[in-house]
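The structure under discussion appears below in the form of structure tokens.
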Amino acid sequence: MTLANYVTVLILVTLISLAETGAQLCFKTAVEKLNMPANTFREMLMLSWRLLFFFRVWIGMWAGLAILGMWITVLGMSDLNFAFSLSSIHYLFIALSARFVLKEKVGRNRWLATLMITVGIAIVSLSGGQG
């Protein structure tokens, strides 16, 4: 992989992870706004139907399409193993978003695990995609 491809893949995977985080935030806030139980299959169907009328759910779904397009581009430029390992950076973005956007409690063990994942991603990234 050339340096230009490597940098492009890093940027695209970061954008993919940020977009995925944004989409998940859209879905989470929509579900919380409805505050409907979904313990049975029927309740899950009703919840899904009602969610289709939330603008933020549509934003999340459109983000998913954009993510798919970017991901296909990444896969054309790098090995799956390298790209998929890099995509794990979303764990960091999700933890940060949960804590600072959704105001959820993120425990010490979760932060430690997220840090370990981030270090692993850095090791994979520094390898430049070379086995």
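The values are calculated or read from the model by the stated rules, or taken from the named source; none is laboratory data. Here the structure is a predicted model, which means the values were calculated and not measured. Reconstructed Cβ throughout: ideal geometry from the backbone, glycine too, with neighbour counts over all protein chains shown.
Values for this structure:
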{"quantity": "Flag if Leu102 is surrounded by 12 or more Cβ atoms within 10 Å (Cβ to Cβ), assigned to a helix (DSSP H, G or I) and among the aliphatic types (A, V, I, L, M)", "calculated": "no"}
{"quantity": "Test for Gly120: is it in a helix (DSSP H, G or I) and touching a helix residue (DSSP H, G or I) at 6+ places or on another chain (Cβ under 9 Å)", "calculated": "yes"}
{"quantity": "Pick from the stretch 105-131, criterion crowded, with 16+ Cβ neighbours inside 10 Å and touching a residue at least 60 places away in the same chain (Cβ under 8 Å), ranking: farthest from Ala19 (Cα to Cα)", "calculated": "Gly129"}
{"quantity": "Test: residue in the stretch 24-46 that is under 30 Å from Ser127 (Cβ atoms), assigned to a helix (DSSP H, G or I) and in contact with an Asp or Glu (Cβ under 6 Å, 6 or more places away or on another chain)", "calculated": "no"}
{"quantity": "Single residue of Leu34, Leu51 found to be in contact (Cβ under 8 Å) with a residue 12 or more places away in the chain, surrounded by 18 or more Cβ atoms within 10 Å (Cβ to Cβ), more than 15 Å from Ile89 (Cα to Cα) and over 17 Å from the mean Cα position of the chain (by Cα)", "calculated": "Leu51"}
{"quantity": "Hey, Ala63 closer than 16 Å to Thr14 by Cβ, part of a helix (DSSP H, G or I) and either in contact with a His (Cβ under 9 Å, 6 or more places away or on another chain) or modelled with pLDDT of 95 or more (or both) or not", "calculated": "yes"}
{"quantity": "Residue list for the stretch 1-18, restricted to those being surrounded by fewer than 20 Cβ atoms within 10 Å (Cβ to Cβ), among the hydrophobic types (A, V, I, L, M, F, W, C) and either within 10 Å of the chain's Cα centre (by Cα) or not in a helix (DSSP H, G or I) (or both)", "calculated": "Met1, Leu15, Leu18"}
